[in-house]
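Contents: one structure, followed by commentary.
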Amino acid sequence: MNIIIVGCGKVGRVLTQQLVEGGHNVTVVDTIADKVNTVAERYDIMGVIGNGATHATLQEAGIDNADLMIAVTGSDERNLLCCLIAKKAGCQTIARVRSPQYSVEAPYLKDELGLAMVINPEQAAAQEIERVLRFPSAIKVDTFGQGRIEMLKFRLPEDSPLCGMAIHELSSKLHCDILVCTVERGEEAYIAKGDLVFQERDVISIIAEPKAAFTFFRKINYKAQPVHDVLIAGGGDISEYLCELLEKDGIAVTVIEKDAVRAEYLSEVLQGTTVVHEDAVSQDVLMQENIDKREAFVALTNFDEENILLSLFAKSVSHAKIITKINRIDFDSVIGKLDLDTIIYPKSVTSENIIRYVRAMKKTIGTNLETLYTLIKGKVEAAEFIVKKQSELTSAPLMNLNLREGVLIAAIIRRGKVILPRGGDSIMVGDSVVVVSDLIGLHDMTEILR
C-alpha cells in the first residue's frame with residue numbers, strides 16, 4: 001500500500017520502520033528538515049519537508065494516490081486537520097489524539113470526520129496497565145475473542161514448581177486447561193514444544209480463559225487476585241486515564257504529583273482518588289505513602305530515569321507489583337535486562353495498534369485479521385483471524401494440516417466457546433483462530449500452510 005506518515009517523531013519513526021519492513025511504500029512528512037532527511041535516508045523512502053496540514057504539502061507527498069495517511073505530529077489539532085484534508089482526497093486516515101478532552105469526543109470525531117481510527121497513546125497505555133493490575137502475576141496481558149481468552153506473559157521465579165517440568169507434563173500434573181505458547185530464555189525465544197523443559201527465570205506466554213488462568217497461577221503459587229490498592233508516581237494524562245479505570249474496578253488509588261496546579265486539577269476530576277501534592281522522587285515521601293505496604297506501584301513521571309530509579313527502589317522495599325513507563329524505545333534491549341517487572345512503552349502501544357489496523361486493511365479472501373499482538377519483539381506475533389470460507393485450513397484435522405515450521409494454533413473460538421486445540425480438532429468456517437508464529441507479517445491465515 002501507499003502510506004503517508006505526517007510527523008517524524010519517535011512514533012513516526014517506529015511506524016516507518018515497521019511499514020517499510022512490511023513491504024509498504026512510505027512517504028514521511030514533517031516541518032523539520034533534519035528529521036525528514038534522517039528518516040528518508042535511513043529507510044530509503046521519499047520525504048517531504050512541509051506542513052502536513054496543508055493541501056499543497058499532502059499533494060507533494062502523493063495524497064491523490066495514497067491508500068492511508070497517518071497523522072502522528074505533536075499537535076492533536078494538526079493531526080485532525082491533516083485527516084480532514086486527506087479524507088477529501090479519498091484517502092483512509094488515522095489520527096493520534098492525546099488530549100483527554102478530545103478523547104471523550106473520539107467516537108464523535110471518528111464518525112463525523114470519517115476517520116478510520118483515532119488512537120490515544122496515553123489512554124491505550126492506561127488500559128494495558130489496568131489489565132496487568134487485574135492479573136498482577138503477569139508481565140503483560142493481551143485479549144482475544146472480545147475478552148473471552150487471554151494471553152498472559154510471566155516470569156518463572158527460582159523456586160517455581162514448574163522448573164524442571166516439561167511442557168507435556170503440565171496437563172497431567174496440574175490439571176489446568178492452559179496452552180503454553182512461547183518460552184524466552186536469555187536471548188533465545190522458542191515456540192513451545194512438548195519436550196521443552198522449564199528453567200528458572202524463563203519468561204513464558206500462556207493462553208487460557210480467565211478462570212483457567214486464575215486456577216493455573218494459584219496452583220503454581222503465583223498471586224492471581226487483582227490488586228486492592230495502587231500508588232502512582234506522577235499525575236500526567238496516563239495517570240488520569242488509569243485512575244478513572246481503577247476507580248471503576250473498585251481499587252484504592254493514591255497519586256503523587258509535584259505540580260500544584262496539576263495536583264489540584266486531578267483532585268477535582270478524580271473523586272475516588274487520593275491526590276498528594278509532593279515530589280515522588282523522594283524516599284521520605286514514598287515511605288510516608290506506605291510504598292512498602294502497597295500491593296502495586298506504578299511509575300508514570302515524565303522522565304524515564306526517574307521511573308527506573310523509583311521502580312528499583314519500590315522493588316527493594318516491597319513485594320508490590322511494579323509497572324514502569326518508558327518513553328524512549330531506542331534502548332529497550334538494555335532496559336529489559338534491569339528486571340523491572342512490567343514495562344510499558346506508550347509509543348510502542350500506539351504503533352502496534354496502528355500496524356494492526358494496516359495489516360487488517362489488506363483484504364484477503366479466506367480469512368480476516370482481527371487482532372494482532374507482538375509477543376516477542378521482532379521474533380514472535382500472536383494474530384487472531386476470522387475464517388470466512390472453506391479452504392485447505394478447514395479440510396482436515398489439525399494433525400493432518402501441513403503447517404509451516406514455527407507455527408502454533410493456540411486457540412479456536414467457536415460460537416462463543418473457547419477450544420484449546422489438540423491434533424484431532426478441526427477449523428470450521430466462522431471460527432476465530434489465534435495463531436502464534438515466528439512468521440512476522442502474516443496477512444492471511446492460509447500463509448501458515450507450507
**Prompt:** Taking the stated definitions as given, is Ile129 in contact (Cβ under 8 Å) with a residue 24 or more places away in the chain and under 30 Å from Asn302 (Cα atoms)?
**Reply:** yes
**Prompt:** Any residue at all in region 293-307 that is over 30 Å from Gly378 (Cβ atoms), aliphatic (A, V, I, L, M) and either assigned to a helix (DSSP H, G or I) or touching a residue at least 12 places away in the same chain (Cβ under 8 Å) (or both)?
**Reply:** no
**Asked** Would you pick out the residues in region 66-77 that are crowded, with 18+ Cβ neighbours inside 10 Å and without any contact (Cβ under 8 Å) to a residue 60 or more places away in the chain?
**Response** Asp76
**Message:** So, Lys315, is that one among the basic types (Lys, Arg), within 17 Å of Thr342 (Cα to Cα) and either touching a Pro at 6+ places or on another chain (Cβ under 7 Å) or surrounded by fewer than 19 Cβ atoms within 10 Å (Cβ to Cβ) (or both) or not?
**Reply:** yes
**Asked** Quick one: which of Gly50, Gly9 is over 22 Å from Gly441 (Cα atoms) and touching a residue at least 24 places away in the same chain (Cβ under 8 Å)?
**Response** Gly9
**Complete:** Heads up, the helices (runs of 4 or more DSSP H) in region 5-65 (entirely inside) with at least 2 residues that are crowded, with 20+ Cβ neighbours inside 10 Å and touching a helix residue (DSSP H, G or I) at 6+ places or on another chain (Cβ under 6 Å) are 10-21
**Message:** Pairs needed: first member in region 406-430, touching a residue at least 12 places away in the same chain (Cβ under 8 Å) and not assigned by TED's automatic domain parsing to the domain that holds Glu188; second member anywhere, among the polar types (S, T, N, Q) and in a strand (DSSP E or B); C-beta distance under 9 Å; at least 6 residues apart or different chains.
**Reply:** Gly406/Ser437; Val407/Ser437; Leu408/Thr182; Leu408/Ser437; Ala411/Ser432; Ile412/Ser432; Ile413/Ser432; Arg414/Ser432
**Fill in**
Residues in region 261-288 that are modelled with pLDDT under 95, hydrophobic (A, V, I, L, M, F, W, C), under 21 Å from Asp249 (Cβ atoms) and in contact with a helix residue (DSSP H, G or I) (Cβ under 6 Å, 6 or more places away or on another chain) total 1
**Fill in**
Checked against (1) of a type outside the set (S, T, N, Q); (2) touching a residue at least 24 places away in the same chain (Cβ under 8 Å); (3) in contact with a Gly (Cβ under 7 Å, 6 or more places away or on another chain), Ala40 satisfies every condition except (2)
**Asked** So which residues in region 330-368 are touching a strand residue (DSSP E or B) at 6+ places or on another chain (Cβ under 7 Å), modelled with pLDDT of 80 or more and outside any helix (DSSP H, G or I)?
**Response** Leu340, Asp341, Thr342, Ile343, Ile344
**Prompt:** Among the residues of region 424-450, which ones are in contact with an Asp or Glu (Cβ under 9 Å, 6 or more places away or on another chain) and either assigned to a strand (DSSP E or B) or crowded, with 19+ Cβ neighbours inside 10 Å (or both)?
**Reply:** Ser432, Val433, Val434, Val435, Val436, Ser437, Asp438, Leu442, Leu449
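The values are calculated or read from the model by the stated rules, or taken from the named source; none is laboratory data. These numbers were taken from a predicted model, which means no experiment stands behind them. So basically every Cβ, Gly included, is an ideal-geometry build from the backbone, and we count neighbours across all protein chains shown.
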